[in-house]
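Note sheet for the following structure.
The values are calculated or read from the model by the stated rules, or taken from the named source; none is laboratory data. In this text the structure is predicted, and so the values were computed from the model without any measurement. Cβ coordinates were reconstructed from backbone atoms using ideal geometry, including for glycine residues, and neighbour counts include every protein chain displayed.
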Amino acid sequence: MNTQIEQIQRACEIIQANPEERHTLGALAGRVGLSRFHFQRAFTQVVGISPRAFAEACRLGQVKSALKNGERVTPAIYDAGYGSSSRLYERAGTALGMTPATYRKGAPGVEIDFTIADSPLGRLLLAATTRGVCRVMIGDSDRALETDLREEYPHATVRRNDRMLSARVRTLLEHLRGKSPHIELPLDVRATAFQWRVWRHLQAIPYGETRTYSEVAAAIGKPTATRAVARACATNPVALLIPCHRVIGTDGSLRGYRWGVERKEKLLARERSQVREVRLEWVHFAPDPLRSQLLAGPLSFLAAAVLSAASR
């Protein structure tokens with residue numbers, strides 16, 4: 001195994017062993033034999049999120065485990081290293097999907113329907129409440145996907161309903177196959193104001209294009225919040241509907257993806273291929289003055305140019 005990967009793996013093990021502790025960047029770097037700056041960059045490249053985001057996920061995992069085992073909310077929060085209950089409640093909207101007290105009870109009264117279908121990326125689970133889609137997950141096993149959903153909310157009413165969700169999953173599959181570049185489905189996703197700002201920007205990235213984490217941060221008016229943008233991408237509960245796969249590293253690397261970097265690579269390749277096909281088709285029918293622009297421009301410009309030419 002690559003030495004750097006072993007060092008990052010060791011750092012992950014240190015964090016996971018004591019998630020309630022405050023692991024500073026300098027201390028972690030020193031324990032695995034890397035400089036502070038190099039450790040931060042290497043960790044993010046290997047894991048896909050920053051050390052801070054990883055530690056946060058481990059703390060939240062400890063809270064979830066304690067709540068599922070019947071521990072009271074307040075001790076679970078403090079035992080996991082949160083300085084106050086408000087710190088966890090700030091994260092509850094997206095990370096838990098509800099308040100910690102409700103989560104501890106296993107989400108009684110919540111009704112969730114789901115369906116699983118085959119897709120170009122593997123098996124795809126779509127789950128929804130009466131308000132909208134609350135989960136989109138991608139995997140290899142129907143049983144594993146369903147288990148993950150049920151384990152999140154053990155006392156919720158979770159039921160398979162292929163017929164009710166057939167239209168929604170069909171819309172999603174058409175999008176994956178390039179037949180519907182723009183997809184709009186109602187969502188039932190709770191999040192912080194910052195997360196929604198990030199996610200709305202991701203939804204505005206044109207099909208077939210990508211943005212870097214720093215570009216997204218700058219676009220939402222928070223140029224120094226690159227790491228927070230990465231965390232927002234990592235906590236996205238509805239894959240594809242919020243296209244976090246379109247965010248890449250500054251060096252062009254794919255970085256992490258919750259459903260696997262190979263799937264992220266395949267997604268981006270399919271989108272680029274579809275854009276090229278549309279571009280060539282439009283160029284064939286476009287008047288000469290527009291052809292060079294069509295060949296060079298982004299998809300959004302292509303649509304405007306073709307509509308303009310057709311109206312003449």
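Take the residues of the range 185-196 that are without any contact (Cβ under 8 Å) to a residue 60 or more places away in the chain and touching a helix residue (DSSP H, G or I) at 6+ places or on another chain (Cβ under 8 Å): which is surrounded by the fewest Cβ atoms within 10 Å (Cβ to Cβ)?
First, the residues of the range 185-196 that are without any contact (Cβ under 8 Å) to a residue 60 or more places away in the chain: 185-187, 193-194, 196.
The next check asks that each one be touching a helix residue (DSSP H, G or I) at 6+ places or on another chain (Cβ under 8 Å); those that pass are 185, 194.
Details: Leu185: 18, Phe194: 15.
The extreme case among them is Phe194.
Only one of the listed residues (Arg231, Arg211, Arg227) is outside the structural domain of Pro51 (by TED's automatic domain parsing), of a type outside the set (Val, Ile, Thr), in contact (Cβ under 8 Å) with a residue 24 or more places away in the chain and touching an Asp or Glu at 6+ places or on another chain (Cβ under 8 Å). That residue is Arg231. Evaluation of Arg123 against the conditions (1) among the basic types (Lys, Arg); (2) under 24 Å from Leu268 (Cβ atoms); (3) more than 19 Å from the chain's Cα centre (by Cα); (4) at pLDDT 95 or above shows that the sole unmet condition is (3). Applying the condition of being β-branched (Val, Ile, Thr) and assigned to a helix (DSSP H, G or I) to the range 4-36 and asking which residue is modelled with the lowest pLDDT yields Ile5.
A quick yes/no check of all residues on (1) in contact with a Pro (Cβ under 8 Å, 6 or more places away or on another chain); (2) surrounded by 17 or more Cβ atoms within 10 Å (Cβ to Cβ); (3) in a helix (DSSP H, G or I); (4) in contact (Cβ under 8 Å) with a residue 60 or more places away in the chain:
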position	(1), (2), (3), (4)
Ala167	no, no, yes, no
His175	yes, yes, yes, yes
Ile183	no, no, no, no
Val198	no, yes, yes, no
Tyr207	yes, yes, no, yes
Asp251	no, no, no, no
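Once the range 40-66 is narrowed to residues that are hydrophobic (A, V, I, L, M, F, W, C) and modelled with pLDDT of 70 or more, the residue that is farthest from the chain's Cα centre (by Cα) is Ala42.
Of all residues in the range 223-236, those satisfying the criterion of being in a loop (DSSP other than H, G, I, E, B) and either among the hydrophobic types (A, V, I, L, M, F, W, C) or modelled with pLDDT of 90 or more (or both) are Pro223, Thr224, Ala225, Asn236. Taken over the range 264-278, the criterion of being under 21 Å from Gly139 (Cβ atoms) and either modelled with pLDDT of 95 or more or out of contact with any Gly (no Cβ under 8 Å at 6 or more places or on another chain) (or both) is satisfied by Lys264, Glu265, Lys266, Leu267, Leu268, Ala269. Report, by residue number, each residue of the range 128-182 that is modelled with pLDDT of 85 or more and β-branched (Val, Ile, Thr). Matches in the range 128-182: Thr129, Val133, Val136, Ile138, Thr147, Thr157, Val158, Val169, Thr171. Close contacts from the range 129-152, counting a first residue that is loosely packed, with under 13 Cβ neighbours inside 10 Å and a second that is modelled with pLDDT of 90 or more and not charged (D, E, K, R), with Cβ to Cβ under 7 Å and a gap of 6+ residues or different chains, come to Asp140/Gly122.
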